[in-house]
Structure formats: C-alpha cells, structure tokens
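Q: Before I ask anything, here is the structure I am working with.
Bear in mind that the values in this text are calculations on the coordinates, not laboratory data. Keep in mind the model is a prediction, meaning the values are calculated, not measured. Reconstructed Cβ throughout: ideal geometry from the backbone, glycine too, with neighbour counts over all protein chains shown.
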Amino acid sequence: MRELERYYRVLELEPGASLDEVNQAYKDLAFVWHPDRMPQDNDRLKEKALLKLQQINEAREKLRSHKARLHVSSTRTSSQSVSKPTPSQTTTYRAAPHTQTTSRQASASPPPPSSPPSSSPSPSYSTQSTSPQPRKSPEPSYQPPKPHPDLSGKDYSGANLSNRDFSGRNMSYANLKGANLSDTFMHKVNLYGADLSEANLFRANLLLADLREANLQSANLIGADLSGADLRGADLRGARVMIGDRVQVKLIGALLNGAIMPDGSIHE
C-alpha cells in the first residue's frame with residue numbers, strides 16, 4: 001500500500017485518485033517535464049527531466065495495473081450470487097381412528113358369543129410437500145486481467161490514432177504509414193521493423209521505444225520524445241526534425257548507430 005501511495009505522490013495526486021485523474025496528471029507532468037522545455041545547455045536539468053519522465057511513466061503503469069485488478073475483483077464479487085435455499089416443508093396428516101359400533105339387542109335370545117375384537121390399524125397418511133430449491137449459480141472463477149493483444153504486423157496505414165496509449169505494446173512490423181500518431185503515448189513500445197513513413201508523430205512520447213530497422217522516412221517528428229529509444233538501423237530520410245536551424249526532437253540517450261539520418265548520412 002505504501003508503494004501505491006508513492007506512485008500517487010509521484011503524479012502529485014492524493015491516494016485513491018480515479019483512473020481519469022491519473023491519466024490527466026500524467027499528461028500534465030509529461031508536458032511540464034518534457035526535456036525540450038529544459039535549457040539546451042544544461043545537461044543536469046536534461047538528465048533530471050528524463051529521470052522524472054521515467055518515474056511518472058512507471059507510476060502511471062503501476063496505478064493503471066492496480067486499478068484494473070480492482071475492477072476485476074469488484075466485478076467478480078458483484079456477479080457472485082449466494083442464495084440460501086428455503087428449507088423444505090413437511091406436513092404429516094394422521095387420520096383419527098374411525099370406529100362404528102352397532103348394538104343390537106335380542107329380545108329373546110341371549111347375545112351371541114363375542115368374537116375377538118378385530119382391531120384394524122389406523123391408517124396413517126404422510127404427505128410431503130417440498131418447495132423447489134433455487135439453484136445456486138456457479139461461482140465464477142477468478143480471471144486475471146487479460147494481456148493486451150499482440151499488434152505485430154497490424155495494418156494501421158492512414159489511421160487516426162491521436163492521443164491513444166500504446167505503451168509497452170508489441171507493434172513490430174506494423175504498417176503505420178501515414179497514420180496520425182500525434183500526442184500518442186508509446187513509452188517502451190516495440191516498433192521493430194515497423195513502417196512509420198509519412199506518419200505524424202507530433203509530440204509523441206516514444207521514450208525508450210524499440211525502433212530498430214523502422215522506416216521513418218518523411219515522418220513528422222517535431223516535438224516527439226525519443227529519449228533512450230533504440231533507433232539503430234532506422235531510416236529517417238526526409239523526416240521532419242527541425243524548425244529553422246533548431247532540432248525539435250528529443251534524443252537524449254537514444255541509440256543511433258547505423259541509422260540513416262534525415263539528410264541521408266549514416267550515423268556512426
């Protein structure tokens with residue numbers, strides 16, 4: 001519980017904040033601590049901003065996972081119906097002995113010899129009425145949250161995916177040509193070999209993303225955060241990375257060995 005409280009504090013929230021509040025706080029802090037907002041000549045602040053982004057990314061992921069588990073648990077509890085069966089009712093009826101005696105008086109003759117009395121057993125009737133017992137609904141077994149589906153090789157060409165969250169997803173070899181990925185959250189996403197040519201990645205969060213061998217030709221990378229991303233072997237020819245003479249893409253700690261740069265040169 002203390003660990004969860006720490007994650008809330010990282011996002012500057014009170015413990016127990018809603019998922020919407022968690023997501024909004026993440027967006028606000030990601031904007032405030034974006035390394036591009038730090039002085040370009042201050043490496044210490046840049047490193048601090050990168051560390052802060054990693055912390056808020058981790059906090060949001062942990063809190064979202066926790067709330068997903070809570071949702072599954074509450075759903076299971078509410079769907080479990082426990083009904084007590086009504087006890088069966090048994091009623092027994094007993095018929096009273098029915099005896100009919102007729103005395104006949106003989107005027108002249110003595111009474112005939114008495115025969116041994118025959119005692120007929122009193123009939124006993126037992127009627128059992130049992131009310132139907134309601135069936136107990138089967139108790140659902142606990143199912144952990146389903147993992148996100150594998151998006152490798154998916155065709156999203158030209159799709160509008162703005163503001164979507166693909167953090168940690170596997171999108172290797174996906175076709176994202178011309179897709180709108182502005183303001184998307186793609187922290188630690190796997191985009192190995194993906195086609196992102198002509199895609200709009202304006203202000204996309206690609207922190208620690210795997211972009212090896214990815215095709216980023218003519219992509220709009222203005223405002224994107226590629227800090228710590230692996231771009232080895234990626235093709236960035238014609239990609240938009242500058243406004244005027246200033247680079248507008250965050251590349252702190254990015255791996256660029258063998259990448260084809262926007263001007264066509266190969267990064268050594």
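Q: Provide Phe31, Phe185, Phe166 in ascending order of the number of other Cβ atoms located within 10 Å of each residue's Cβ, fewest first. Before the final figure, lay out each step's value.
A: Working: Phe31 11, Phe185 21, Phe166 24.
Ordered from fewest to most neighbouring Cβ atoms within 10 Å, Phe31, Phe185, Phe166 come out as Phe31, Phe185, Phe166.
Q: Here is a follow-up. For the ranges 204-217, 227-240, 44-57, 150-163, what's the packing order if you count other beta-carbon atoms within 10 Å of each residue, average per peptide, and put the highest first? Before the final figure, lay out the partial values.
A: Numbers: 204-217: 25.1, 227-240: 21.9, 44-57: 17.3, 150-163: 15.3.
My ranking of the peptides, most packed first, is 204-217, 227-240, 44-57, 150-163.
Q: In vacuo Debye scattering of segment 1-53, one point per C-alpha: log10 I(q)/I(0) at q = 0.13, 0.15, 0.26, 0.32 Å⁻¹?
A: -0.38, -0.48, -0.93, -1.15
Q: Compute for segment 150-268: radius of gyration divided by Kirkwood radius, i.e. Rg/Rh, restricted to C-alpha atoms, rounded to two decimals. Provide the component values of the computation, followed by the final result.
A: Numbers: Rg = 12.4 Å, Rh = 13.4 Å.
Ratio value, two decimals: 0.93.
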